[in-house]
Amino acid sequence: MAFKLSFTTLLMAGLAAHAQTPAALKDVFKGYFHVGAALNQAQFEDRDARGGIIVRTQFDTISPENVLKWESVHPRPDAYAFDAPDKYVAFGEKNHMFIVGHTLVWHSQVPAWVFQNAKGEPLDRDGLLQRLHDHIRTVVGRYKGRIGGWDVVNEALNEDGTMRQTPWLKIIGEDYLLKAFEYAHEADPKAELYYNDYSVENQAKRNGAVELIKKLKAGGAAVTAIGLQGHDKMEWPTIEQQDATILAFQQLGIKVNITELDVDVLPAASQQRTADVGLSVEAHAKLNPYAGGLPDTVQQALARRYGDLFAVFCKYRGTVSRVTFWGVTDGDSWLNNWPVRGRTSYPLLFDRQGQPKPAFQAVIRAARQGSVK
Ligand code: 9MR
């Protein structure tokens, strides 16, 4: 009897343990695409035990949320800060992950000195090209063969598909993108190179992005993929917009990566459908309705939304090579502080306790349904 009891107890414990073992996204999506997350410094420095376990068990690719942006890695003309990025890359290698670099050329998070000469006057074209070349050679060169793909240019387009008037464009001219791709390819000929942007699912911006990619290719740039950031809402982009966008770039013969995925369930704080980090809106209780927890109806709607999005990603297996979430748990997300500071946001697959949400199960189901089609 004593034996029987302990055997049953053991069996029950074993079954329970089995039932609680969540599926791993990186395994479920094998054969489709890599699945990853953007990491903050605590995560790749092993100071976030809860997040660290999720990252190691669920994901096979990582992106650096901030440490490879110009102002972080190259804060002064003669000073590079490689300590944090070195740890980021070492973390990815230790865990056998595909390591992404983000980002070489952006109008945001770049110090003012980059565009000025020693007297504080605006730099000329040759001076800025020289500076861009040095930066890319130094940063990409340091991680040659280790960082597998780079966001070479980030967010170069306006919402209407025209070129954003950044200091890069104003000083160098439209070929700054071509130059950046050329320098990155020269620094690591084997690295994948990406153009990355948000709201490309909207027709006007998508048309601009298609033209941009065509021009880059015609100019000889080694563009591997477009990165669709995927800072989504519950109703935007529509499934049709998502599908048409992936198709448009597939037809150009490049890959599509979903690079910064999250789904915002909070009320729109502005009319602007954007992921522009420059936007800021004042806090108001009405804009933060779920501070005490997410109602089940919204939780289920978020799960359906994620399931629908992943069904499209799965449909385009072979073209979609990577889906990366912008954060690990809801508590990590930039959406807790943008465009309104101090909100309680629920945009990811893991909750603040690190538990998988119904959206996680919905994503897993999308993979299983996709594989039988
Ligand atoms: O999530 C990032 C946040 O921590 C930073 O404060 C912000 C500014 O550097 O950038 C956020 O990441 C952005 C990414 O680099 C580019 N696309 C939009 C992302 C969300 O703002």
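The values are calculated or read from the model by the stated rules, or taken from the named source; none is laboratory data. On a predicted model such as this, the values are computed, not experimentally measured, just so you know. Here Cβ is always computed from backbone atoms with ideal geometry, including for glycine, and neighbour counts include all displayed protein chains.
Residues to consider are 312, 298; find the one that is over 17 Å from the mean Cα position of the chain (by Cα), away from the ligand (no atom under 16 Å from the Cβ) and under 29 Å from residue 192 (Cβ atoms).
On the way: 298 fails: under 29 Å from residue 192 (Cβ atoms).
Going through 312, 298 in turn, just one is over 17 Å from the mean Cα position of the chain (by Cα), away from the ligand (no atom under 16 Å from the Cβ) and under 29 Å from residue 192 (Cβ atoms): 312.
Pull up the range 56-74, narrow it to residues that are part of a helix (DSSP H, G or I) and more than 16 Å from the ligand (Cβ to nearest atom), then point me to the one that is nearest to the chain's Cα centre (by Cα). Walk me through it before giving the result.
Of all residues in the range 56-74, those part of a helix (DSSP H, G or I) come to 56-58, 70-73.
Adding the requirement that they be more than 16 Å from the ligand (Cβ to nearest atom) leaves 56-58.
Working: 56: 17, 57: 19, 58: 16 Å.
The extreme case among them is 58.
Can you go through 120, 161, 148, 127 and tell me which one is modelled with pLDDT under 95 and either away from the ligand (no atom under 14 Å from the Cβ) or surrounded by 13 or more Cβ atoms within 10 Å (Cβ to Cβ) (or both)?
Step by step, each of 120, 161, 148, 127 is checked, and only 120 is modelled with pLDDT under 95 and either away from the ligand (no atom under 14 Å from the Cβ) or surrounded by 13 or more Cβ atoms within 10 Å (Cβ to Cβ) (or both).
Taking first residues from the range 72-86 that are closer than 12 Å to residue 142 by Cα and modelled with pLDDT of 95 or more and partners that are part of a helix (DSSP H, G or I) and of a type in the set (D, E, K, R), the Cβ contacts under 7 Å between residues at least 6 apart in sequence or on separate chains come to 82/142.
Scanning the range 243-270 for residues that are more than 15 Å from the ligand (Cβ to nearest atom), among the charged types (D, E, K, R) and outside any helix (DSSP H, G or I) turns up just one, 255. Could you check how many residues of the range 1-45 are more than 24 Å from residue 368 (Cβ to Cβ) and modelled with pLDDT of 95 or more? Counting residues in the range 1-45 that are more than 24 Å from residue 368 (Cβ to Cβ) and modelled with pLDDT of 95 or more gives 8.
Could you tell me which of the residues 140, 114, 100 is within 16 Å of the ligand (Cβ to nearest atom) and under 27 Å from residue 170 (Cβ atoms)?
Working: 140 fails: within 16 Å of the ligand (Cβ to nearest atom); 100 fails: under 27 Å from residue 170 (Cβ atoms).
Going through 140, 114, 100 in turn, the sole match is 114.
The set of residues from the range 83-128 being within 17 Å of residue 152 (Cβ to Cβ) and more than 27 Å from the chain's Cα centre (by Cα) comprises just one member, 128.
Of the candidates 160, 134, the single residue that is of a type in the set (Asp, Glu) and either in a loop (DSSP other than H, G, I, E, B) or more than 27 Å from residue 190 (Cα to Cα) (or both) is 160.
Can you name the residue in the range 175-190 that is assigned to a loop (DSSP other than H, G, I, E, B) and not acidic (Asp, Glu) and, of all such residues, is farthest from residue 135 (Cα to Cα)?
My answer is 190.
For the range 33-55, the tally of residues that are outside any helix (DSSP H, G or I), touching a Gly at 6+ places or on another chain (Cβ under 7 Å) and away from the ligand (no atom under 16 Å from the Cβ) stands at 1. Looking at the range 99-119, can you tell me whether even one residue there is on the phi > 0 side of the Ramachandran plot, without any contact (Cβ under 8 Å) to a residue 24 or more places away in the chain, small (Gly, Ala, Ser) and part of a loop (DSSP other than H, G, I, E, B)? The answer is no, given that none of the residues of the range 99-119 is on the phi > 0 side of the Ramachandran plot, without any contact (Cβ under 8 Å) to a residue 24 or more places away in the chain, small (Gly, Ala, Ser) and part of a loop (DSSP other than H, G, I, E, B). For residue 178, the criteria (1) under 26 Å from residue 82 (Cβ atoms); (2) surrounded by 16 or more Cβ atoms within 10 Å (Cβ to Cβ) hold in every case but one, which is (1). Screening residue 200 on (1) surrounded by fewer than 23 Cβ atoms within 10 Å (Cβ to Cβ); (2) within 30 Å of residue 146 (Cα to Cα); (3) within 16 Å of the ligand (Cβ to nearest atom) shows it passes everything except condition (1). When residue 197 is tested against the conditions (1) within 18 Å of the chain's Cα centre (by Cα); (2) more than 29 Å from residue 124 (Cα to Cα), the lone failure is (2). Take the residues in the range 315-345 that are within 16 Å of the ligand (Cβ to nearest atom), in a loop (DSSP other than H, G, I, E, B) and not hydrophobic (A, V, I, L, M, F, W, C); name whichever of them is surrounded by the most Cβ atoms within 10 Å (Cβ to Cβ). Top of the filtered list is 327. Cβ-Cβ distances below 6 Å connect the following pairs, each with a first residue in the range 228-253 that is over 20 Å from residue 264 (Cα atoms) and touching a residue at least 40 places away in the same chain (Cβ under 8 Å), a second residue that is of a type in the set (Ser, Thr, Tyr) and surrounded by 15 or more Cβ atoms within 10 Å (Cβ to Cβ), and a separation of six or more residues or different chains: 246/316; 250/319. Among the residues of the range 271-293, is there at least one that is among the β-branched types (Val, Ile, Thr), outside any helix (DSSP H, G or I), crowded, with 20+ Cβ neighbours inside 10 Å and out of contact with any Lys or Arg (no Cβ under 9 Å at 6 or more places or on another chain)? The answer is no; no qualifying residue exists.
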